[in-house]
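The values are calculated or read from the model by the stated rules, or taken from the named source; none is laboratory data. Since this is a predicted model, take the numbers as computed values, not measurements. Cβ sites come from the backbone with ideal geometry, for glycine too, and all protein chains shown count toward neighbours.
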Amino acid sequence: MLIVMRNNATLKDITHVITTLEDRGVFPVVNKNGDQTLIGIAGKNPFTQEQLTALGGVEDVVDEKKPFKRVSREFHPEPTVIRIGNVTIGDGSFTTFAGPCAIESEQQIHEIARFVKSQGAQGLRGGAFKPRSSPYSFQGLGEDGLRFMRDAGKENGLVTVSEVMDVRQVPLLVKYVDMMQVGARNMQNFDLLREVGIAGKPVMLKRGLSATIEELLLAAEYIYNSGSPQIVLCERGIRTFEQSTRNTLDISAIPLCKQLSHLPIIVDPSHAAGRRDLIKPLSLAAVAVGADGVIIETHPVPDKATSDGPQSLTFPQFGECANAVNALVAATR
Ligand code: PEP
Ligand code: MN
């Protein structure tokens, strides 16, 4: 059993819970998670969940046997709906984020923003801090890129999302974007998860390259426990033995996450497939399986893209994909 104290619980509240437990022979283990105090009870527990919940300053009493708690369906049976401006994610609608892998110039991101908006996208993606396998590859434009994207998003009425790679970058991302992306390589960077949770902006959490669904939901739990329930999960493919695609899109992760958790989940077919010919069918699969949206890479000249050209759709291909997705959404939701 784990007693989760409110962030604003006083020392008196915390001491009262501890002495109440000790008076009945229970030895609590006290932990801190940011501003929050967590009181664990190991072994025999003479209290009911209701009795503990009624104590002053207690926010939740959760069964520790379950690996994730506050992101679980049991904890919150209704779906979490994230609202960013006039975009809602998790309410049964379908949100399309689109844009380049990396923001390359002011002109590039404005051109892409105008185009994806004209095709019905609601969100603009673009990396300013890029996690590249090689230190010699383009690393992103940093703050300049974020500024270019903020302006392109504003001009075109698109919400923006960009990756935060390090705790030191959190204030910059908070300043410029509507939603912070924690990338696959950082899914278990627990300090970063805490920091983005404290920042309080919506977070898109991508599944790690070799992460299980349980690990993904536990990572989301870190963000949730740090203060931000506004989390969008993202299935972006996992590493398998298959060589014909960059990763393998785990399509079952979408209905499974929906069963297990109240958080919305979107699909990134671009990083899953690593090749542009599969983006449309995988996007349609995302709609069919109940995802809350997709995030797709597109570039006016993919062959000249600084990163992920092979998986980026040309504008005509993006238009075709968006039309097919919009038609399926209209027919099925
Ligand atoms: C990206 O979205 O550009 C990216 C690097 O994604 P991932 O973390 O899923 O590889
Ligand atoms: Mn990319």
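Scanning the range 191-228 for residues that are away from ligand 1 (no atom under 15 Å from the Cβ), outside any helix (DSSP H, G or I) and at pLDDT 95 or above yields a count of 3. Scanning the range 319-333 for any residue that is within 12 Å of ligand 2 (Cβ to nearest atom) and either under 25 Å from P202 (Cβ atoms) or more than 23 Å from the chain's Cα centre (by Cα) (or both) turns up nothing.
A count restricted to the range 141-162 and to residues that are of a type in the set (G, A, S) and either surrounded by fewer than 24 Cβ atoms within 10 Å (Cβ to Cβ) or away from ligand 2 (no atom under 16 Å from the Cβ) (or both) stands at 4.
Here are S134, S118, S105, S162: which of them is under 23 Å from G208 (Cβ atoms) and more than 13 Å from ligand 1 (Cβ to nearest atom)? Unique residue meeting the criteria: S134. Residues in the range 291-302: is at least one polar (S, T, N, Q) and over 19 Å from the mean Cα position of the chain (by Cα)? There is at least one residue in the range 291-302 that is polar (S, T, N, Q) and over 19 Å from the mean Cα position of the chain (by Cα). Of all residues in the range 292-319, those that are in a strand (DSSP E or B) have Cβ atoms under 6 Å from Cβ atoms of residues that are away from ligand 1 (no atom under 12 Å from the Cβ) and charged (D, E, K, R), 6 or more apart or on another chain, in L313/R276. Please determine, by comparing only the residues of the range 92-128 that are surrounded by fewer than 24 Cβ atoms within 10 Å (Cβ to Cβ) and among the hydrophobic types (A, V, I, L, M, F, W, C), which one is nearest to ligand 2 (Cβ to nearest atom). This residue is F115. Quick check: is even one residue across the range 116-126 among the aliphatic types (A, V, I, L, M), in the same structural domain as T160 (by TED's automatic domain parsing), within 17 Å of S162 (Cβ to Cβ) and not in a loop (DSSP other than H, G, I, E, B)? Yes, that holds for at least one residue. For T240, the conditions (1) surrounded by fewer than 21 Cβ atoms within 10 Å (Cβ to Cβ); (2) away from ligand 1 (no atom under 16 Å from the Cβ) all hold with the exception of (2). For beta carbons closer than 7 Å, sequence separation of 6+ or different chains, a first residue in the range 134-145 that is assigned by TED's automatic domain parsing to the domain that holds P171 and closer than 26 Å to V174 by Cβ and a second that is assigned to a loop (DSSP other than H, G, I, E, B) and of a type in the set (A, V, I, L, M, F, W, C), the qualifying pairs are G140/A128; G140/F129; L141/I103; L141/A128; G142/A128; G142/F129; G145/I103; G145/A128.
When K280 is tested against (1) outside any helix (DSSP H, G or I); (2) touching a Cys at 6+ places or on another chain (Cβ under 8 Å); (3) not polar (S, T, N, Q), just one condition goes unmet, and that condition is (1). Of the residues making up the range 277-302, those that are more than 14 Å from T248 (Cα to Cα), within 15 Å of ligand 2 (Cβ to nearest atom) and not hydroxyl-bearing (S, T, Y) are V294, I295, I296, E297, H299, P302. Apart from one condition, T37 fits all of (1) touching a residue at least 12 places away in the same chain (Cβ under 8 Å); (2) in contact with a strand residue (DSSP E or B) (Cβ under 9 Å, 6 or more places away or on another chain); (3) under 30 Å from G127 (Cα atoms); the exception is (3).
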